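The values are calculated or read from the model by the stated rules, or taken from the named source; none is laboratory data. It should be emphasised that the depicted structure is a prediction, and the values quoted were computed from it without experimental measurement. No Cβ is skipped: glycine too gets one built from the backbone with ideal geometry, and neighbour counts run over all protein chains shown. Surface accessibility is based on the protein's heavy atoms, side chains included, excluding ligands, DNA and RNA. Shrake-Rupley method; radii C 1.70, N 1.55, O 1.52, S 1.80 Å.
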Amino acid sequence: MSKGSIVLIACGSFSPPTYMHLRMFEIARDYIHSFGIGSVVGGIVSPVHDAYGKKDLVASHHRISMLKLALRSSNWIKVSEWESRQAGWTRTRLSLKYHQDIINGYKSNLDPDSAEWLPDDVLNVNSYDETDNFPLMTNGNYQERVTVKLLCGADLLESFATPGLWSDEDIEAIVGTHGLVVVTRAGSNPSKFIHESDILYKHRRNILLVPNHVVNEVSSTVVRRLLRRGESARYLTDDAVLAYAARHALYAAAPEHASLRDVTSSTARPPPGRRAKKTNFLISSSRTDSVSPVDGVKPKLAYVDRVPPGYVPGKAVKIVSDVAQHATAGDKAVR
Ligand SMILES: Nc1ncnc2c1ncn2[C@@H]1O[C@H](COP(=O)(O)OP(=O)(O)OP(=O)(O)O)[C@@H](O)[C@H]1O
Ligand SMILES: NC(=O)c1ccc[n+]([C@@H]2O[C@H](COP(=O)(O)O)[C@@H](O)[C@H]2O)c1
């Protein structure tokens, strides 16, 4: 893994954010520093666009609000709304490149909100005197280029082998140009996975496997399931996130007929002969441009906003508002 200044970026759904999403950053930064691998100057969480269309993906303005609440006490991890503000879904490679180019000053600032996600060290650079030996900038030019690395769990790494999800060129650019920082997750074997993939093996020096010694298997799925059942999800994520989700009825009351389907689809495994071929990636990059790779799911056009009067927990209700209404009704109050 190349040394130097690093910004860690986590791309994902965060529907809702959990403590483990935040822990990933702390674990990775400590590991990088303790092994002298580089200097982590900032962390960015980049929630995916609504058009990604993943199941239970609530509207991005809600996910962003929850992330900001969860990160309100962090002085180095920030939320980037850039992906969510694009016209459609953005490939991860392009998101990494965009953030890296802005940080390094290679791109004029096209994102009016970049001040919200730029690491403080980069934002405050002008207030530093050169005699402070600030590592990033001299006479308006960065001395040392910042590399934006993709921070993820092992399951995201393994999704590289899912047919149709990632293009070879994108994997090559993400791993070769940026680099991966993978926090290991129970049940995964990232070293074996890297060994079995020619592309990943070629760039293995740019993939950092970070052991997580305090295993925490919390996931957004688990939090959603508990909330849907009206059970407590406390201490799996921030209280303020749970209060926000409750206030907006984000994950409550799925239609009853959906529960069995959820269980069967989450436990179903393809028969042994039909497993994804792991060494043979995928598709031409043009097929993934702005079109969500999530299987057969159309972008959501409706959002569940609020429960109607007379709502009975556990009963399916039709509570949707249209997209146009959402565009103007951003939830500023909690930001
Ligand atoms: N318990 C965990 N350990 C390590 N990495 C995790 C964990 N939970 C989430 N991640 C990582 O966080 C990133 C964001 O993932 P995502 O938003 O899909 O979270 P998730 O909790 O896995 O969501 P879902 O349950 O909805 O699939 C991914 O890189 C994922 O691998
Ligand atoms: N080809 C690609 O760039 C590609 C494919 C699939 C998922 N992704 C990203 O990976 C993340 C996955 O998030 P989930 O684990 O919540 O599905 C999202 O940020 C998504 O945009 C990128």
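Mind checking the per residue accessible area of the stretch 1-97 for me, 1.4 Å probe, whole number of Å²?
Here the residues of the stretch 1-97 average 33 Å² of exposed surface.
Give me a comma-separated list of calculated 3J(HN,Hα) values for the stretch 22-31, in order, Karplus coefficients 6.51, -1.76, 1.60 applied at θ = phi - 60°, integers in Hz, x for any Gly or Pro.
Working through the residues one at a time gives 7, 4, 3, 5, 5, 4, 5, 5, 4, 5 Hz.
Show the residues, 5+ positions off or on another chain, whose built amide H is closer than 5 Å to the amide H of Val146.
none
Net charge around Arg185, counting only other residues with Cβ within less than 13 Å of its Cβ (Lys, Arg = +1; Asp, Glu = -1)?
-2
So for the stretch 1-41, averaging the separation of alpha carbon pairs under 8 Å that are six or more residues apart and normalising by length, what relative contact order in percent results? List each step's numbers first, then the result.
Numbers: 28 pairs, mean separation 26.9, N = 41.
Reported relative contact order: 66 percent.
By accessible area of protein heavy atoms, probe 1.4 Å, what ranking do His99, His195 get, highest first?
So, going from the largest accessible area down, we get His195, His99.
DSSP loop (so not H, G, I, E, B), at most 10 other Cβ within 10 Å: list which chymotrypsin sites (Phe, Trp or Tyr not before Pro) in the stretch 10-80 pass both filters.
none
Given H placed on each backbone N at 1.01 Å, which residues far from Leu208 in sequence or on other chains put an amide H within less than 5 Å of it?
Leu180, Val181, Val182
Give me the number: length gained by fully extending His33 to Val218, i.e. 0.36 nm times residue separation minus the C-alpha to C-alpha distance, one decimal in nm. Please report the intermediate quantities before stating the final value.
Values: separation 185, 0.36 × 185 = 66.60 nm, distance 2.56 nm.
Contour length minus Cα-Cα distance gives 64.0 nm.
For the stretch 1-79, state which trypsin sites (Lys or Arg not before Pro) are in a DSSP loop and have at most 12 other beta carbons lying within 10 Å of their beta carbon. Could you put the intermediate results ahead of the total?
Details: sites: Lys3, Arg23, Arg29, Lys54, Lys55, Arg63, Lys68, Arg72, Lys78; in loops: Lys3, Lys54, Lys55, Arg72.
The qualifying sites are Lys3, Arg72.
Grab the beta carbon distance between Arg23 and Thr162, set R0 = 25 Å, and tell me the FRET efficiency rounded to 0.05.
It comes to 0.50.
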